[in-house]
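J.: Just dropping this structure here.
Nothing in this text is a laboratory measurement; each read-out follows from the coordinates by a stated rule. Only a predicted model underlies this, so the values are computations on that prediction, with no experimental measurement involved. Every residue, glycine as well, gets a Cβ built from its backbone with ideal geometry; the counts of neighbours run over all protein chains shown.
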Amino acid sequence: MSTLFRYELRRLVLNKIFIALLIITVVYAWMILTGETILGAGYTAPYSDWSFGAYLASVMPMAMLTVLLLMSGYYSKKEKRVEILLEVTPMRSSSRALLRIAAITVCFGIVCGAAFGTAAWFYMSVFGRFADFLGPSVTVILPCYVFTLGLGFNAGRVHPAALYALMPLLFGLGSLNLGGFDLFGGGFFESRPVTLEAVANSDPAFDVGAIFIAARVLYFAAGGLLLAAGILSKKRIGIKA
């Protein structure tokens with residue numbers, strides 16, 4: 001199992017597309033930080049949770065694009081040859097699916113780590129401080145990833161081209177301000193602090209409200225259910241002959 005995991009991970013990490021998208025993500029993250037985050041989100045300070053949440057919301061589309069492109073490799077014609085070899089192993093299809101999901105998760109973690117590292121460099125260079133930003137990190141990253149992974153995992157089983165159709169769809173959903181139900185939350189982090197009162201001349205507390213939390217839970221649960229359905233499906237990960 002560990003040998004196959006290392007093989008899957010190496011295939012993804014050394015993929016030219018992954019390396020290129022990782023570099024693009026870092027460059028894009030720096031542009032967001034120096035062009036938008038430094039101005040603050042919703043009239044809050046650049047180092048507030050609100051501003052960092054807006055930053056993550058801007059970077060997440062690139063991270064989700066990376067996830068979907070990596071997943072598309074599992075449904076390509078080239079992958080069919082690998083599937084034939086794996087079929088002779090005693091490993092069940094559900095175990096192979098979990099193994100590949102784990103490899104993609106590590107790659108997603110690398111992208112997120114790059115985004116956090118870029119932000120840490122920016123904040124330390126400009127403000128001399130960098131908080132953990134746990135609140136916005138949990139509410140943005142986990143629901144977005146699980147929902148995208150669940151959608152992509154099942155879309156690829158329907159047809160490889162469906163993964164590419166998901167990319168503009170996710171970007172479109174993420175750009176809308178749906179009152180807390182937007183996927184990435186960018187519009188929410190810009191508009192929500194304006195509705196809250198500042199305390200002692202400081203930024204409003206990071207209070208996202210029940211609607212936003214409910215939306216995050218729904219995205220996470222929907223993605224988890226889609227993922228479970230795809231893993232338990234007896235249909236092969238690879239495309240049909």
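J.: Residue 34 versus residue 176, label points 7 Å from Cα toward the beta carbon: distance in nm?
T.: Taking the two extended label points, one gets 3.4 nm.
J.: Enter the angle in degrees (range 0 to 90, nearest 10) between the Cα long axis of helix 77-87 and the first principal axis of the Cα atoms of the chain, meaning the one along which they spread out most.
T.: Roughly 60 degrees between the two axes.
J.: Based on Cβ point charges of +1 for Lys and Arg and -1 for Asp and Glu, what charge dipole magnitude is obtained for the chain about its Cα centre, in debye rounded to the nearest 20?
T.: In debye, rounded to 20, the chain gives about 1680.
J.: To continue, here is another question. Suppose each label sits 7 Å from its Cα in the direction of the beta carbon; what would the residue 210-residue 161 distance come out to in nanometres?
T.: That separation, rounded to one decimal, is 4.5 nm.
J.: Here is a further query. So for the chain, Kirkwood radius off the Cα pairs, Stokes-Einstein at 10 °C and 1.306 mPa s: how many µm² s⁻¹?
T.: 84
J.: In addition: Rounded to two decimals, what ratio of Rg to Rh does the stretch 103-205 give with C-alpha atoms and a Kirkwood Rh?
T.: Numbers: Rg = 16.9 Å, Rh = 16.1 Å.
Dividing the radius of gyration by the Kirkwood radius yields 1.05.
J.: So what are the three principal axis dimensions of the stretch 6-72 from its Cα atoms, in whole Å, longest to shortest?
T.: Sorted from largest, the Cα extents of the stretch 6-72 read 46, 18, 16 Å.
J.: For the chain, what does the helix formula give at 222 nm: sum of -39500 (n - 2.57) over DSSP H segments with n ≥ 4, over the residue count, nearest 500 deg cm²/dmol?
T.: About -24500 deg cm²/dmol.
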